[in-house]
Amino acid sequence: MALIGVTNCRKLEDYRQSVLHVRAEVRVLDPSTDIAGALEGLDGLLLTGGGDVSPSKYGEAPHPSVEPAEPGRDDFELGLVVLARTRGVPILAICRGAQVLNVACGGTLVQDIPSQVPGALAHKLEVPPHQAFELAHEIWIDKDTLLSRLLRARLSDADSCDVNSRHHQAVRQIAPGFIASATAPDGVIEAIEDPAAAFCLGVQWHPENFFRTGEFRSLFEGLVEATTKRI
């Protein structure tokens, strides 16, 4: 059974359940852990949501809206990405995780979508926890990408699907070697991936909130399948 490392966050349970529902084991990775030790024995890595990556990590001054993550998360998770990619560990990154992935690999971020993206959609819906799966907008998915293959059944010959949304930041400059595999109608990047990697995907919405109903289970199944090929 594959062992997936899941970065610790305030809303951990849906991530845990998403991994358990695709028959994999979970190891919660805390920022207090040594990076090399945290990755030891892992078959895959799941980067979770949370506060904003410090703009200093991509060479910018902070926008007033920046909400820092818990102490230690930035350095720990950026280091995890670098080492995991060196070792060929499959990575699925969600919301903040997608931003961490992009920054760790040399990209930058939009620090505040509402004030920095003209005509932006509402990407941050404030809803009660039991409505976390409420759909906010559609995304347009590029064909012939890992994301399109994983969501093939959900797309049903279309090139778009609806997603939930809780973020005020997004990828701006895509990390070298990566591509944008999905965008929102306002141009905000909703998914990135590395075509040269066996499995390295970041999505900006929260597929983990659907673990009970399975709309995005294929993303987690894809991560686990990639680990079995690596093993």
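The values are calculated or read from the model by the stated rules, or taken from the named source; none is laboratory data. Nothing here was measured: the structure is a model prediction, and the numbers come from that model. Here Cβ is always computed from backbone atoms with ideal geometry, including for glycine, and neighbour counts include all displayed protein chains. Ligands, DNA and RNA are excluded from the accessible area calculation, which covers all protein heavy atoms including side chains. Shrake-Rupley method; radii C 1.70, N 1.55, O 1.52, S 1.80 Å.
A compact table of results
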| read-out | value |
| --- | --- |
| Candidates 52, 74, 112, 34 - the one that is charged (D, E, K, R), over 27 Å from residue 221 (Cβ atoms) and out of contact with any Ser or Thr (no Cβ under 9 Å at 6 or more places or on another chain) | 34 |
| Single unsatisfied condition, residue 205 versus (1) more than 25 Å from residue 56 (Cβ to Cβ); (2) open to solvent by less than 10 Å² (accessible area, probe 1.4 Å); (3) not in a loop (DSSP other than H, G, I, E, B) | (3) |
| Neighbours by Cβ (under 7 Å, 6+ apart or cross-chain): first from the stretch 27-41, in contact (Cβ under 8 Å) with a residue 24 or more places away in the chain; second part of a helix (DSSP H, G or I) and among the basic types (Lys, Arg) | 31/73; 39/87 |
| Unmet requirement for residue 58, which otherwise passes all of (1) free of Cβ contacts under 8 Å to residues at least 60 places away in the same chain; (2) open to solvent by less than 30 Å² (accessible area, probe 1.4 Å); (3) more than 25 Å from residue 165 (Cα to Cα); (4) not aliphatic (A, V, I, L, M) | (3) |
| Pairs with Cβ under 9 Å, 6+ apart, first in the stretch 208-231 and in a loop (DSSP other than H, G, I, E, B), second open to solvent by 20 Å² or more (accessible area, probe 1.4 Å) and at pLDDT below 95 | 212/133; 213/133; 215/133; 215/154; 216/154 |
| Residue ID - most open to solvent (accessible area, probe 1.4 Å), chosen from residues in the stretch 61-95 that are within 12 Å of residue 48 (Cβ to Cβ) and charged (D, E, K, R) | 70 |
| Qualifying residues in the stretch 1-30 (those that are open to solvent by less than 40 Å² (accessible area, probe 1.4 Å) and part of a loop (DSSP other than H, G, I, E, B)) - the one nearest to residue 104 (Cα to Cα) | 9 |
